Every structure is written in C-alpha cells, then in structure tokens.
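The values are calculated or read from the model by the stated rules, or taken from the named source; none is laboratory data. This is a predicted model, so every value here is computed, not measured. No Cβ is skipped: glycine too gets one built from the backbone with ideal geometry, and neighbour counts run over all protein chains shown.
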Amino acid sequence: MQKYKTKKRFGQHFLHDHHVIQKLIYEINPLPSDLMVEIGPGLGALTFPILDKLDKLHVVEIDRDVIKRLEQKNHPKLSIHSVDALDYDFSTLTKTTEDDKPLRVVGNLPYNISTPLIFHLLEPLSNTNKQQSSVKDMHFMLQNEVVERITAKPGNKSFGRLSVMVQYYCETEYLFFVGPESFDPPPKVDSAILRLTPWKERPYKATDDKQLSTLVAQAFSMRRKTLRNNLKKTISAEQIESLGIDPSHRAETLSVEDFVKLSNLVSNLST
Ligand code: SAH
C-alpha cells in the first residue's frame with residue numbers, strides 16, 4: 001500500500017514507539033468483554049494491539065482516507081464510525097448494549113480539539129438528574145502541559161479553571177511522559193498520558209453544575225486578582241468569609257470543595 005501522507009489539519013501525529021504503545025496498553029488493561037471506543041485511530045498504532053485483547057472495538061474517525069485504510073483491513077472485531085468526535089453522541093454506544101455496560105474511552109487526540117472533546121464527553125455528567133456516569137474511564141494522550149493543568153493541585157501555578165472543572169467530575173491521574181520522538185511526524189510539544197475516572201459518587205456536589213462552571217470562570221477571570229475582586233458582582237467579601245474562605249486569596253489557592261461551597265451559596269441566594 002502507498003505510504004500515507006499525514007494531514008496537519010486533523011492533528012495527525014502517529015505513534016510509532018512500540019515501548020510507549022505497550023506501556024499505554026498496560027495502563028488501560030483492556031479486558032475481552034469491555035465496551036471500548038477509540039477516538040482518532042489513524043492507521044491503527046493503538047487500535048490493533050488493543051483489538052488483540054478485546055472481543056470488539058469501536059473507533060470514531062473523521063478522516064475518510066484513514067477510514068478507507070482501516071476498512072480494507074476488514075477486521076471482524078472492528079466497528080468503524082465515520083464522524084467528527086465532537087459531534088458524536090457517545091451514549092449511543094452504551095444504549096445499544098443489553099447490559100448497560102459502562103464505556104471505556106481511549107485516544108491519542110489531536111491537541112487542538114482535546115479540551116472541547118473532554119468537555120463533550122463530560123457534558124452528560126452535568127445533567128443533575130444523572131449522578132452515575134456511563135463512562136467508566138478515559139485514557140488520553142495529550143499535550144504534556146494540558147495534562148499538567150488537568151491534574152494540578154491547588155496552589156500549583158497550573159491550577160485553573162480546567163483543573164477545577166475536570167476534577168469536579170473525575171478523578172485525574174498523570175500517568176507518564178511521552179517525548180516528540182515517539183511520533184511520526186514529531187509534534188512541536190511534549191505529550192503525556194492522562195487517566196480520567198468519573199467519580200462513582202462525587203465527593204462534593206454542586207446544587208447547579210452550570211452555576212459552578214460560571215462561578216469558576218469568574219473566579220479565574222483575572223488570575224492575579226483576589227477572589228473578592230473577581231467575584232464582586234456575584235457575592236460580597238463577607239459572604240465569602242462566611243464559608244471560611246479568605247476573600248483576599250486568589251482563586252488558584254482554593255480547593256474544588258471551596259468552589260462548590262461558593263457556588264452553592266450563590267445558588268441559595270437566588271432561590
Ligand atoms: N491513534 C493514532 C492516530 C493519532 S493522530 C496513533 O496514535 O497513531 C489523531 C487522529 O485523530 C487522526 O487519525 C485524525 O484523523 C483523527 N481526528 C482528528 N480530528 C478528529 C475528530 N474531530 N474526530 C475524530 N477523529 C479525529
């Protein structure tokens with residue numbers, strides 16, 4: 001087959017480091033009956049080693065040239081969905097199984113869509129009627145800096161809006177670093193593997209998830225300003241203090257629990 005020419009616009013950097021692939025599969029630990037979907041299979045660097053361990057694998061891919069190549073393999077266990085992952089309703093995969101199996105998601109994602117895609121996958125969780133997630137876990141290869149931000153703890157300079165919102169829905173783990181030389185063509189940035197495990201039971205529950213998201217955005221709107229300043233249109237310094245939170249601190253020093261407390265106070269005020 002003709003050598004494939006990678007496309008920049010689809011963020012194509014194909015993994016070719018056998019050691020990294022094996023390490024990632026070890027971390028994912030696919031079990032034969034798992035319900036699993038891979039986002040952006042490309043030429044199958046992860047797809048085929050994962051398929052060896054599963055009864056069936058779904059893949060979601062946008063590039064028709066890539067899809068053609070995957071189809072030519074005619075792999076009996078591979079189910080190909082030719083769509084943009086950002087538009088794809090992942091719950092259709094869980095709905096079609098008789099036993100309501102939770103979904104496992106993996107992907108070496110194009111870096112430009114990684115944050116919107118994570119929020120797309122987390123969105124069903126923000127439905128207040130639904131506490132239990134239909135996603136069991138997610139393993140993503142992302143830009144190292146993004147994995148650092150998602151997994152950052154309060155007080156760390158990377159801790160921000162992305163950390164709070166993802167950690168509100170999921171347990172987050174930085175698994176391991178991957179250098180540019182592991183890809184073809186090599187990207188300009190370092191990469192890392194992230195594991196997200198949606199909480200079975202959320203440690204802190206906001207009365208209104210949308211309110212939480214708005215408040216977190218406000219609190220971080222000007223990073224160098226204090227909470228009192230960033231939140232002044234929403235709540236007073238006294239109200240912040242009433243929760244045992246210092247209004248002269250910056251948002252980056254607060255825990256996820258603090259943000260949930262603040263958000264619930266605002267929800268109470270408006271009822
Ligand atoms: N998993 C492969 C390929 C990674 S490159 C490997 O590790 O080698 C990223 C892949 O995501 C490419 O196949 C690209 O075509 C695909 N992709 C890019 N944007 C996408 C989108 N919006 N939806 C689904 N797939 C997408």
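Pairs only if they're at least six apart or on different chains, beta carbon under 8 angstrom, first in the stretch 168-196 and of a type in the set (Lys, Arg), second at pLDDT 95 or above; list them, first residue then second.
Listed pairs, sorted by first residue: LYS188/PRO180; ARG195/GLU27; ARG195/ASP137; ARG195/MET138; ARG195/HIS139; ARG195/THR172; ARG195/GLU173; ARG195/LEU175.
Report, by residue number, each residue of the stretch 224-243 that is in a loop (DSSP other than H, G, I, E, B) and in contact with a strand residue (DSSP E or B) (Cβ under 8 Å, 6 or more places away or on another chain). Lay out the reasoning, then the answer.
First, the residues of the stretch 224-243 that are in a loop (DSSP other than H, G, I, E, B): 224-225, 231-236, 242-243.
Scanning the stretch 224-243 gives ARG224, LYS225.
Of these, LYS157, LYS153, which one is basic (Lys, Arg) and modelled with pLDDT of 95 or more? If you could, list the steps in order and put the result at the bottom.
Working: LYS157 fails: modelled with pLDDT of 95 or more.
The unique qualifying residue is LYS153.
Within the set of pairs 6 or more residues apart or between chains, which connect a residue that is within 10 Å of GLN211 (Cα to Cα) inside the stretch 258-271 to a residue that is of a type in the set (Asp, Glu) and assigned to a helix (DSSP H, G or I) with Cβ atoms less than 7 Å apart?
Matching pairs, first to second residue: none at all.
Where the second residue is of a type in the set (D, E, K, R) and part of a loop (DSSP other than H, G, I, E, B) and the first is farther than 18 Å from GLU181 by Cβ and in contact (Cβ under 8 Å) with a residue 40 or more places away in the chain and lies in the stretch 1-17, which pairs have Cβ atoms under 6 Å and are six or more apart or on separate chains?
PHE10/ASP63
If a residue must be modelled with pLDDT of 95 or more and more than 8 Å from the ligand (Cβ to nearest atom), how many such residues does the stretch 1-19 contain?
3
Can you tell me which residue among ASP246, ASP258 is within 28 Å of GLU171 (Cβ to Cβ) and in a helix (DSSP H, G or I)?
Numbers: ASP246 fails: in a helix (DSSP H, G or I).
It is ASP258.
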